[in-house]
Amino acid sequence: MPDNGQVSATSTHLLADAGIRVIGIAGQLRLDQWLAAEGHRLHAAFLARHHVATRHIALIRALSKAQVLFDTVDLHHIRLQRAAELQNDASAARTAERVRSEEMRLIDAADTTLVVSGTEVDYLHTQGVTRSRISVLSNIHDPQRNSRSYADTRDLLFVGGFLHHPNREAVEWLRSQVMPLLRLRLTGITLHVVGDMPDEDAQRIRCADIQVHGHVATLEPHLAAARISLAPLLSGAGVKGKINQAMSHGLPVVATSIAAEGMFLQHGHDALIADGATAFAAEVARLYEDEQLWMKLSGNGYDNVEKHFSSDLARSTLLQLIGHPDRMGPAVPHP
């Protein structure tokens, strides 16, 4: 059920082909009507993101005995707290605290809360949440192993929608702090920025060695052509899909500590991790010119994705959580 009641015709057909029925869209029963008719048959309800869970969890509890899984996607309040601290913004800090209260209430109300990393499990445990009520369901990527050639790659790649604050912050940092240092060490290098971006921002950022591509139909050509993917996040939370996607294609990554959080990365083994513009630029330059290190990170990146973020792992996690309705008894009652 799309929370906003909207789904494209293409998506509806893709879901139908996979045996997935879409409810709650125009011309169909509302969620309360659907639950009134079907709630007694509902085995589990999977609520993605805190604003969605806030709107629907009480209704699902009232009209069904379903097991409720709250998928945080990432702990939104942590991202807001970090941005507020970085900007020294008291108003943003109050918003982060409000969202923290909302997320903790939902965690208490759900049967199981899904987070994206062990780091978030540990954090919630310090907040008094029993570990047995938390499960890790992270990003899902399968490695696209191929014979990448260092010699056939060049330039740097950043992927991320500019409307997402951590991405906007990261691009500004790259433009103003990191690229001036790289120009001194890597003559002729170009930074390619991919992702939705307002025209006025693209015009301001674009220059001789920063190309802004905006939204693209597919990332594959950019992932194949680039030598290094950059993840220079200064705030944010959760697991970073830009890192997963790059490593799943054998593209080595240089990341900040915040970007690497929860990603099972080891500096010098499957990625390079550095904070501060000087250190970050130095690691980018080192990797750019070291074919042996590049090949090592590329190969180990595939292994990281396969071990921690594969579809097989996600499938196993979900089956452990809800089993198969045809082979199980009633849903777990809420305490």
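Counting charges near LEU156 (Lys, Arg +1; Asp, Glu -1) among other residues having Cβ under 10 Å from its Cβ returns a value of 0. Annotation: the antiparallel percentage among DSSP beta bridges lying fully within the chain is about 5. By DSSP, the beta bridges lying fully in region 150-309 are antiparallel in about 5 percent of cases. Computed on region 150-309, with alpha-carbon pairs under 8 angstrom and 6+ residues apart, the relative contact order is 24 percent.
Evaluate the charge dipole of the chain about its Cα centre and quote only its size in Debye, nearest 20, assuming +1 on the Cβ of each Lys and Arg and -1 on the Cβ of each Asp and Glu.
Details: 32 positive and 37 negative charges, 99 e Å.
Value, rounded to 20: 480 debye.
Histogrammed with a bin width of 10 Å, the alpha carbon distances of the chain distribute as 5, 22, 30, 24, 14, 4, 0 percent, first bin at zero.
Neighbour counts of other C-beta atoms within 10 Å: give me VAL305, VAL99, VAL171 arranged from fewest to most. The partial results should precede the final answer.
Values: VAL305 28, VAL99 19, VAL171 23.
Going from least to most buried by this count: VAL99, VAL171, VAL305.
Per residue, the Cα convex hull of region 1-131 amounts to 143 Å³.
For region 150-309, with only Lys/Arg (+1) and Asp/Glu (-1) charged at the beta-carbon, what is the dipole magnitude about the Cα centre, in debye rounded to 20?
Numbers: 13 positive and 19 negative charges, 37 e Å.
In debye, rounded to 20, region 150-309 gives about 180.
Of the trypsin sites (Lys or Arg not before Pro) in region 1-87, which ones lie in a loop per DSSP and count no more than 11 other C-beta atoms within 10 Å?
Taking region 1-87 and a limit of 11 other Cβ atoms within 10 Å, the loop trypsin sites (Lys or Arg not before Pro) found are ARG21.
The mean of 1/r over all pairs of different alpha-carbon atoms in region 82-206, once inverted, gives a Kirkwood hydrodynamic radius of 18.6 Å.
With 0.36 nm allotted per residue and the present C-alpha distance subtracted, the GLU85-HIS269 stretch has 63.1 nm of extension available. The residue among THR190, GLN203, HIS164 whose Cα reaches farthest toward the positive pole of the charge dipole of region 102-204, with charges on the beta-carbon of Lys, Arg, Asp and Glu, is THR190.
Using the reciprocal of the averaged 1/r over all distinct C-alpha pairs, how large is the Kirkwood radius of region 182-250 in Å? The partial results should precede the final answer.
Numbers: mean 1/r = 0.0731 Å⁻¹.
Here the Kirkwood hydrodynamic radius works out to 13.7 Å.
Compute the Kirkwood hydrodynamic radius of region 158-312, taking the inverse of the mean of 1/r over all pairs of distinct Cα atoms, and give it in Å to one decimal. About 15.5 Å for region 158-312.
Here, each number is a calculation from the coordinates, and none is a lab measurement. Note that the coordinates shown come from a computational prediction; the quantities given were computed from them, not determined experimentally. Neighbour counts are summed over all protein chains in view; Cβ atoms, including those assigned to glycine, are modelled from backbone coordinates with ideal geometry.
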